[in-house]
Amino acid sequence: MQRTIFDADHELFRDSVRRFMQKEIGPHAERWREQGYVDREAYQKIGEQGFLLMWADEQYGGSGLRDLRYEQILQEENIRHGDAAFYQNLHSMVVAPYLDKFANEEQKRKYLPGAVSGESVLAIAMTESNAGSDLAGIKTRAEDKGDHWQLNGSKTYISNGILADVVIVAARTDPDNRHGIGLFIVERGMPGFERGLKLKKMGLHGQDTAELFFDNVRLPKENLLGEPTKGFVYMTQCLAIERLQVAIGSIAAAQVAFDITLEFVKQRQAFGKPLGALQHVRFTLAELRAKLDTVQCFVDQCVMLGNAGRLSSELSSEAKLLASELEGQVVDQCVQLHGGAGYMDEYRISRLYTDARVSRIFAGANEIMLEIIGRSLGLDERKLT
Ligand SMILES: Cc1cc2nc3c(=O)[nH]c(=O)nc-3n(C[C@H](O)[C@H](O)[C@H](O)COP(=O)(O)OP(=O)(O)OC[C@H]3O[C@@H](n4cnc5c(N)ncnc54)[C@H](O)[C@@H]3O)c2cc1C
C-alpha cells in the first residue's frame, strides 16, 4: 500500500540511508553475529553521516531535525539492508532522549556531542534479575553521601551493555517510597563499574546484551539526571517513544520477511509448479499482506501523532502490541512457507524468526501493553475495587 506520510526530502534521505546501510552495515552483519557485538566503528561511521540523534540541536552537533519520520526511515533501512542488531535507534531514540528531556545544560554539553558523533555509545539500564515488568521493584541503590552518590547493585539484559560508554542507570534513592527512583549517568571506567559476560541469546546474535555490576561506584553529584525521586515518572514518559520504536522495527522486519517469502514461493517448485500457485500459499500471503498494510498505516499515524506531540502512552502501547504480534505471526508463517530451508541459518527468514521473538517481551511485555490500554479504558482494578 502506498504510504502517504513521506515527502520528497524523506525519499532522498531514504536513498542515502539505504546506500549507507548497504555499504557500511549489511556486509558486516554475519561477522558481528559471530563475534557477538557490532564494531564500535559502526557508530562512528553512522555519526559521520549525521544520522545519530538527528533531533539534537546544532550547538551539540545535531541537525535539529525533530521529525520522527527520519528516525523511522533509519530503522526501516537498517532492518532491510543493515543489521537488526545494530542498535542505532536505541542509542538515538531510546537512551539519548533522556538527556534531551531531563539533562541540565552542563550535562547536555558534556554528553550530547559524543553521542551525536558516535564516539560515545549509549545504553539504558532499568531491568534487574528480579525486576523487569515490575520496574518499581528494582533493588539497585543510590545513596546520597553528601558530596556524591554511592551506587550499588546490578542490572541484566542491557542492550549495548558491553560497548556502552555512557549508561543511564535507574536506582532506588528512597527505600521507603516504592517509586522513589533516580536516574544516574554512569561512565565507562568509573571504579566499581564492571560488565558481566555477554549473554547468549536465541536471536539478535550481533547485539551485546549484557549484565552490569555496580560496587560502591562513587558518582559525582552532577551525574544525577533531573530530580532524585522522579526517575520512575521520567521512564514512564520516555517509554512511550521507545515502544513506538519497537513498533517501527517490528513492522519493518515483518515487511522484509513477507517480501523475501513472496519471492521464494514464486521460485520454489513443488508438484510441477511454483509454490505460489497453490491456493493455500496464495491465501496465506494475501491475508498477511492485508494485515501488514493495516498495521503499517497505524504505525505511520502514530509517527505523525508523535511529531505533533500527541502520541499517548496507550497509542504507543497499541502500536507496539499490534506490530510485534503481527511480526511474530508473519515470521512464523513465512518460515513454514520456506519448508526446511526456513529452518536453516543460511536463509534470512530463519534469523528474522529468532530475532523477532523478543519484540513481544522487551520495552514492556505485551501483557503490560494490554494493562496500559485496558487501564486507559477506565478498567483499573486499583480504582474499580
Ligand atoms: C534482548 C533483550 C534486550 C533488552 N534490553 C534492555 C535494555 O537495554 N535495558 C533494560 O533495562 N532492559 C532491557 N531488557 C529487559 C526487558 O525490558 C525485560 O525483559 C522485560 O521488560 C520483561 O521483564 P522480565 O524479563 O523481568 O519478565 P517478568 O517481569 O518476570 O515477566 C515475565 C512474563 O510474565 C508476564 N507478566 C509480567 N507482568 C505481568 C502483568 N502485570 N500482567 C500479565 N502478565 C504479566 C509476561 O508474559 C512477561 O513476559 C531487554 C531484554 C531482552 C530479552
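The values are calculated or read from the model by the stated rules, or taken from the named source; none is laboratory data. In this text, all values refer to a predicted model and were calculated from it rather than measured experimentally. In this analysis, Cβ positions are derived from the backbone assuming ideal geometry, glycine residues included, and neighbour counts consider all displayed protein chains. Areas reflect the complete protein model, heavy atoms only, side chains present, ligands, DNA and RNA absent. Shrake-Rupley method; radii C 1.70, N 1.55, O 1.52, S 1.80 Å.
For region 200-224, the set of residues classified as open to solvent by 50 Å² or more (accessible area, probe 1.4 Å) and either within 15 Å of the ligand (Cβ to nearest atom) or of a type in the set (Asp, Glu) (or both) consists of Lys200, Lys201, Met202, His205, Glu211, Phe213, Asp215, Glu222, listed by residue number. Do we have Glu194 as over 20 Å from Val94 (Cβ atoms) and either outside any strand (DSSP E or B) or at pLDDT below 95 (or both) here? For Glu194, the condition - over 20 Å from Val94 (Cβ atoms) and either outside any strand (DSSP E or B) or at pLDDT below 95 (or both) - is not met. Contact map, region 362-383: residues that are at negative phi paired with residues that are part of a helix (DSSP H, G or I) and within 10 Å of the ligand (Cβ to nearest atom), Cβ distance under 7 Å, separation 6+ or inter-chain. Pairs shown: Asn366/Arg360.
Filter region 141-155 for residues that are open to solvent by 10 Å² or more (accessible area, probe 1.4 Å) and within 16 Å of the ligand (Cβ to nearest atom) and give the result.
Filtering region 141-155 for residues open to solvent by 10 Å² or more (accessible area, probe 1.4 Å) gives 141, 143-150, 152-154.
Selection gives Gly153, Ser154.
If you go through region 330-355 and keep only what is under 21 Å from the mean Cα position of the chain (by Cα) and open to solvent by 60 Å² or more (accessible area, probe 1.4 Å), you end up with Arg348, Tyr353. Looking at Ile368, Ile372, Ile349, just one residue is more than 12 Å from the ligand (Cβ to nearest atom), in the same structural domain as Cys238 (by TED's automatic domain parsing) and not hydroxyl-bearing (Ser, Thr, Tyr), and that residue is Ile349. You will find that of Glu128, Glu106, the residue that is in the same structural domain as Gly61 (by TED's automatic domain parsing) and of a type in the set (Asp, Glu) is Glu106 and no other.
Conditions (1) open to solvent by less than 40 Å² (accessible area, probe 1.4 Å); (2) modelled with pLDDT under 95; (3) under 20 Å from Ser250 (Cβ atoms), marked per residue:
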site: Leu305; (1), (2), (3): yes, no, yes
site: Lys320; (1), (2), (3): yes, no, yes
site: Phe362; (1), (2), (3): no, no, yes
site: Arg375; (1), (2), (3): no, no, no
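Here Leu239 fulfils each of the conditions (1) under 20 Å from the mean Cα position of the chain (by Cα); (2) away from the ligand (no atom under 14 Å from the Cβ); (3) in a helix (DSSP H, G or I) apart from (2). Contact annotation: residue pairs with Cβ atoms under 7 Å, 6 or more positions apart or on different chains, pairing a residue in region 116-128 that is closer than 13 Å to Ala210 by Cβ and in a loop (DSSP other than H, G, I, E, B) with a partner that is of a type outside the set (A, V, I, L, M) and more than 6 Å from the ligand (Cβ to nearest atom), are Val121/Arg40; Val121/Tyr43; Val121/His91; Val121/Asn160; Val121/Asp165; Thr127/Lys155; Thr127/Thr156.
If I filter region 161-176 for residues that are within 14 Å of the ligand (Cβ to nearest atom) and closer than 23 Å to Ile372 by Cα, do I get at least one hit? Steps first, answer last, please.
Keep residues of region 161-176 that are within 14 Å of the ligand (Cβ to nearest atom), which gives 161-164, 166-171.
If we keep only those that are closer than 23 Å to Ile372 by Cα too, we end up with 170.
Within region 161-176 (the criterion being within 14 Å of the ligand (Cβ to nearest atom) and closer than 23 Å to Ile372 by Cα), the answer is yes, since at least one residue qualifies.
Kindly evaluate Lys320 against the criterion of being away from the ligand (no atom under 13 Å from the Cβ) and part of a helix (DSSP H, G or I). Show your work before the answer.
On the way: away from the ligand (no atom under 13 Å from the Cβ): no; part of a helix (DSSP H, G or I): yes.
Against the criterion (away from the ligand (no atom under 13 Å from the Cβ) and part of a helix (DSSP H, G or I)), Lys320 does not qualify.
Quick one: is Glu227 without any contact (Cβ under 8 Å) to a residue 60 or more places away in the chain, under 22 Å from the mean Cα position of the chain (by Cα) and at negative phi? Even if it seems obvious, please write down each step before you answer.
Numbers: without any contact (Cβ under 8 Å) to a residue 60 or more places away in the chain: yes; under 22 Å from the mean Cα position of the chain (by Cα): no; at negative phi: yes.
Here the answer is no, as Glu227 does not meet what is asked.
Of all residues in region 64-82, exactly one satisfies the criterion of being in contact with a Gly (Cβ under 6 Å, 6 or more places away or on another chain) and either in a loop (DSSP other than H, G, I, E, B) or at pLDDT below 95 (or both), namely Gly82.
Which one of these is touching a His at 6+ places or on another chain (Cβ under 7 Å) and in contact (Cβ under 8 Å) with a residue 60 or more places away in the chain: Ala142, Ala136, Ala170? If you could, list the steps in order and put the result at the bottom.
On the way: Ala142 fails: touching a His at 6+ places or on another chain (Cβ under 7 Å); Ala170 fails: touching a His at 6+ places or on another chain (Cβ under 7 Å).
Selected residue: Ala136, the only one of Ala142, Ala136, Ala170 that is touching a His at 6+ places or on another chain (Cβ under 7 Å) and in contact (Cβ under 8 Å) with a residue 60 or more places away in the chain.
From the list Leu163, Leu151, pick out the single residue that is over 25 Å from Leu52 (Cα atoms) and of a type in the set (A, V, I, L, M, F, W, C).
Values: Leu163 fails: over 25 Å from Leu52 (Cα atoms).
After applying the criteria, what remains is Leu151.
From Val330, Val358, grab the single residue that is away from the ligand (no atom under 16 Å from the Cβ) and part of a helix (DSSP H, G or I). Steps first, please.
Values: Val358 fails: away from the ligand (no atom under 16 Å from the Cβ).
Answer to the selection: Val330.
The residue that is most open to solvent (accessible area, probe 1.4 Å), among those in region 225-236 that are assigned to a helix (DSSP H, G or I) and hydrophobic (A, V, I, L, M, F, W, C), is Val233. Apart from one condition, Ala240 fits all of (1) modelled with pLDDT under 95; (2) not assigned by TED's automatic domain parsing to the domain that holds Lys320; (3) not aromatic (Phe, Trp, Tyr); the exception is (2).
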